[in-house]
């Protein structure tokens, strides 16, 4: 029996028994989550907590100044950025961006794959937020919820890449086989452990499980972003996009080729990546 088959069986058994060792939520993300849950929390106090992490602080300022929120007066510092983002949006955006710290390894091969997976996560995030910002309808959808679902979309690969580091998976081919088989349920377990809400967990499980309804929803925008960023393959992309036009999700089949849409995408992607 192949080593990755043994590991698949072991991980599946651990998942069923709820004994699988899962990565912890980064400290700064846990602090933000706890702070936002405090009914007495204020933006100045929250700024002091986030300021402990210079990288996250810089990222939030860049996001506040990107096309994510429109091209308004620039935020010059963290308190101004948090004011622009708003209290509830901060929680999801900060949580999502703090996950980058988990995608690191001293093993060059594993580190490269972790970097690739994080890059795909933020490409999905930038595409989804861009599409939602250009959504012409009135469905009550929030970019910060969509962004958290996208930024955590590949979290299930982390325990598998740790297994490669430890020699439990012999090589990257074995990792890819394991990824195909169990990354989604492992990811759902991680998000549940971190107390992400059911909506985020359900999106994690559903977004690559076949194209769903094209009606405006978090899932439809996540899957649209997946198709347009090349992460979901379909045989007739323009034909599928026509369904999303008919449902009112997007304004035209060629929306992704519009210069203004691409400029917004690159602005948001740069804020997430740099």
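Read-outs throughout are calculated quantities, based only on the coordinates presented, and are distinct from any laboratory measurement. Given the structure is predicted, the values throughout are model-derived calculations rather than measurements. Glycine gets a Cβ as well: all are built from the backbone with ideal geometry, and neighbour counts include every protein chain shown.
Within the range 174-220, which residues are exposed (fewer than 15 other Cβ atoms within 10 Å of the Cβ), farther than 27 Å from residue 243 by Cβ and in contact (Cβ under 8 Å) with a residue 12 or more places away in the chain?
Across the range 174-220, the qualifying residues are 193, 195.
Of everything in the range 139-184, what is over 15 Å from the mean Cα position of the chain (by Cα) and within 15 Å of residue 218 (Cβ to Cβ)? Give them in sequence order.
139, 140, 141
Taking the residues in the range 71-89 that are in contact with a helix residue (DSSP H, G or I) (Cβ under 6 Å, 6 or more places away or on another chain) and part of a helix (DSSP H, G or I) as candidates, determine which candidate is surrounded by the fewest Cβ atoms within 10 Å (Cβ to Cβ).
So the residue we want is 79.
I'd like the residue in the range 103-161 that is in a helix (DSSP H, G or I) and without any contact (Cβ under 8 Å) to a residue 12 or more places away in the chain and, out of all such residues, is nearest to residue 24 (Cα to Cα).
Among those that are in a helix (DSSP H, G or I) and without any contact (Cβ under 8 Å) to a residue 12 or more places away in the chain, it is 111.
All but one of (1) in a helix (DSSP H, G or I); (2) touching a residue at least 40 places away in the same chain (Cβ under 8 Å); (3) surrounded by fewer than 20 Cβ atoms within 10 Å (Cβ to Cβ); (4) more than 17 Å from the chain's Cα centre (by Cα) hold for residue 46; state the number of the condition that does not hold.
For residue 46, the failing item is (3).
Go through the residues of the range 208-217 one by one and say whether even a single one is touching a helix residue (DSSP H, G or I) at 6+ places or on another chain (Cβ under 7 Å) and assigned to a helix (DSSP H, G or I).
Checked against the condition, which is being touching a helix residue (DSSP H, G or I) at 6+ places or on another chain (Cβ under 7 Å) and assigned to a helix (DSSP H, G or I), the range 208-217 yields no hits at all.
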